[in-house]
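I have placed the structure first, in the form of structure tokens, so that the comments after it can refer back to it.
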Amino acid sequence: MRAMLCHEFGEPRTLKLGELPEPSVAPGMVKIAVHCAGLNFPDTLMIAGKYQSQPPFPFAPAIESAGIVTDVGEGVTDIAVGDRVMADHGH
């Protein structure tokens, strides 16, 4: 999947368009076709290497996003494919 990726610490302008493996859907989770993602203050801290937790490089910063559900994991009963959703990724 395409994503704006952080390969090294820096400013938001250092992000580069790249590819990540297509995620699978785990039980209790949903898969979202992201239509927009927010780059917030915690994301800018993460990109700069100043956030309290740091994912391994390369990572796609975006604590929040919105889009359409494309797949639903086992046990999910209150969200369906095609639902419009917003998500807090809780880095």
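The values are calculated or read from the model by the stated rules, or taken from the named source; none is laboratory data. Treat the numbers as computed from the prediction; the structure is a model and nothing was measured. Here the Cβ is made from the backbone with ideal geometry for all residues, glycine too, and neighbour counts use every protein chain on show. The accessibility values were calculated without ligands, DNA or RNA, using every heavy atom of the protein model including side chains. Shrake-Rupley method; radii C 1.70, N 1.55, O 1.52, S 1.80 Å.
Taking only DSSP H segments of four or more residues, each worth -39500 (n - 2.57), what value at 222 nm results for the chain once the sum is divided by all its residues, to the nearest 500 deg cm²/dmol?
-2500 deg cm²/dmol
Okay, which of the stretch 29-58 sit inside 11 Å, backbone N to the point 7 Å along the Cα-Cβ direction of ILE79?
29-33
Averaging sequence separations of C-alpha pairs under 8 Å and six or more residues apart, then dividing by the length of the chain, give the relative contact order as a whole percent.
That works out to 32 percent.
Long-range amide H contacts for ASN40: which residues qualify at under 5 Å (H placed 1.01 Å from N, peptide plane, sequence gap of 5 or more or a different chain)?
Amide H neighbours of ASN40, under 5 Å, 5+ apart: ILE63.
Mind grabbing the accessible area of SER24 for me, 1.4 Å probe, Å², rounded to tens?
110 Å²
May I ask you to give the percent of accessible area on the chain that is carbon plus sulfur, with a probe radius of 1.4 Å?
Taking all protein chains in place, the chain shows 56 percent carbon and sulfur surface.
Charges at C-beta only: +1 for Lys and Arg, -1 for Asp and Glu. How large is the resulting dipole of the chain about its Cα centre, in Debye rounded to 20?
My answer is approximately 300 debye.
With Kirkwood's inverse mean 1/r over C-alpha pairs for Rh, give me the Rg to Rh ratio of the chain, two decimals please.
Radius of gyration over Kirkwood radius for the chain works out to 1.00.
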